[in-house]
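Read-outs throughout are calculated quantities, based only on the coordinates presented, and are distinct from any laboratory measurement. In this text the structure is predicted, and so the values were computed from the model without any measurement. FYI the Cβ positions are ideal-geometry reconstructions off the backbone, even for glycines, and counts take in every protein chain you see.
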Amino acid sequence: MIKKTVYVGSFFFVIAVAYGINNYLKSSVTKDEVNTKPIHPVSFEDSNISQPAKQQILPIEYDSQYGGLPEALRDVPIGYQFYLDEEGNLIPTESVRDIFDHFLSAIEDEPFEIISARIVEYIDLHLTEPARTQALDVFGEYVSMKMALKDLEEEMGGRLGTGDFSNMASLVTERNALIRQSLSDDVYEAFYQQEHMHDEYTLSRMSIINDKNLSDEDKDAALQALEQTMPESMKQVRENVTRHLTMADETKKLREQGVSESDIQVWRHEQYGYEAAERLKGLDERRAQWNNRLQEYNNLKAAIASQEGIDESDKQRQINELRSSLFDEKESIRVSVIEKSTIK
């Protein structure tokens, strides 16, 4: 739990001095000052809550006093929420960091002072005291850390050219140490502890692999011993990947044997449970729909390419128009990548 004694002044000092936006951040916004309405939140499960959450503060929809959202955030729902304890104190979770990063992801589209003001506005609209002040204090820590990290990474840029593993490991360790030192214990644990445990495990593994003084047998033994220290979250990811690959392989074998899709679905229910089986069924359907659309595009594209009496530039224009008519912008990029990968 965040300490009840907080120093929100440090937040305003960091932002005001660094960016000259004191006026943006001193004004608080209440729910009565903007149009708000509840919205259905994106499903989210915060895995690193270290204590029972008594309150879950869901996102609301509102009209910002700072104008419409930049393109990077438009139509992108905030799928994260705040959690409070029974006394109304903010519980630090990765979800808090995700809320900050949601707005900060638009850094290329609008000034930092506006982004910061939007975050303060979001906090004001969703939280009351003491959680509101605590969230502002956490944001102050986070921004201060980001500023220090930016300076460090600029300085690190001159040390990245060697490609030496020991140098890279030193840079990662230095970066993570700065993050650890810049955040209070509970905030660090919620925001970065799992990530840094993964880093430490990966660096240890790479150190063993790159150790020229070890024989292959010694390396195998060291890697097996290291695996026993693998963070639980990494073990879960690996188990999920292995399970998915096994499931995909078994499904492929059943299809090759002529087993019907309905029987495959029954088998999935028995092996992996209803929810997992239904997710896989949906994935199969979406993949089939995509392949059908791609096949339709390829057929029409081949017809255009086979036309006689039309120069290549006109054919390419027609193909581009065809792609735009059948796929949205992101899908068109995917199609282009597929086309380039099939060029011999």
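Contour minus end-to-end for Ile338 and Asn320, with contour as 0.36 nm per residue of separation and end-to-end as the Cα-Cα distance?
Values: separation 18, 0.36 × 18 = 6.48 nm, distance 1.46 nm.
Extending this stretch completely gives an extra 5.0 nm.
Over 23 Å between Cα atoms: which of Lys146/Lys235; Lys301/Lys330; Lys252/Lys281 fall into that group? List each step's numbers first, then the result.
Working: Lys146/Lys235 30 Å; Lys301/Lys330 19 Å; Lys252/Lys281 14 Å.
Pairs exceeding 23 Å: Lys146/Lys235.
Report the calculated FRET efficiency for Glu285 and Lys235 (r = Cβ-Cβ distance, R0 = 35 Å), to the nearest 0.05.
Details: r = 31 Å, r/R0 = 0.89.
Computed FRET efficiency for Glu285 and Lys235: 0.65.
Could you give the length gained by full extension between Val266 and Ile107, i.e. 0.36 nm per residue of separation minus their alpha carbon distance, to one decimal place?
Numbers: separation 159, 0.36 × 159 = 57.24 nm, distance 4.81 nm.
Gain in length upon complete extension: 52.4 nm.
Which semi-axis lengths, in whole Å and largest first, follow from the square roots of five times the eigenvalues of the Cα gyration tensor of the stretch 164-227? Intermediate results must be reported in sequence, preceding the final value.
Working: eigenvalues 158, 38, 6 Å².
In descending order, the three semi-axes are 28, 14, 6 Å.
Under a crude label model (7 Å from the Cα following the beta-carbon direction), how far is Val76 from Lys150 in nanometres?
Here the modelled spin labels are 1.8 nm apart.
With a Förster radius of 41 Å, plug the Cβ-Cβ distance of Asp249 and Ser207 into 1/(1 + (r/R0)^6) and report the FRET value to the nearest 0.05. Show your work: numbers first, answer last.
Details: r = 33 Å, r/R0 = 0.80.
For Asp249 and Ser207, the calculated efficiency is 0.80.
Quick check for me: using +1 on Lys/Arg Cβ and -1 on Asp/Glu Cβ, what's the dipole size of the stretch 234-342 about its Cα centre, in debye to the nearest 20? Don't skip to the answer; put the middle values down first.
Numbers: 19 positive and 21 negative charges, 91 e Å.
In debye, rounded to 20, the stretch 234-342 gives about 440.
Please give the FRET efficiency for Glu296 paired with Lys330, using the beta carbon to beta carbon distance and R0 = 25 Å, rounded to the nearest 0.05. Could the numbers behind the result be given before it?
Numbers: r = 18 Å, r/R0 = 0.73.
Approximately 0.85, to the nearest 0.05.
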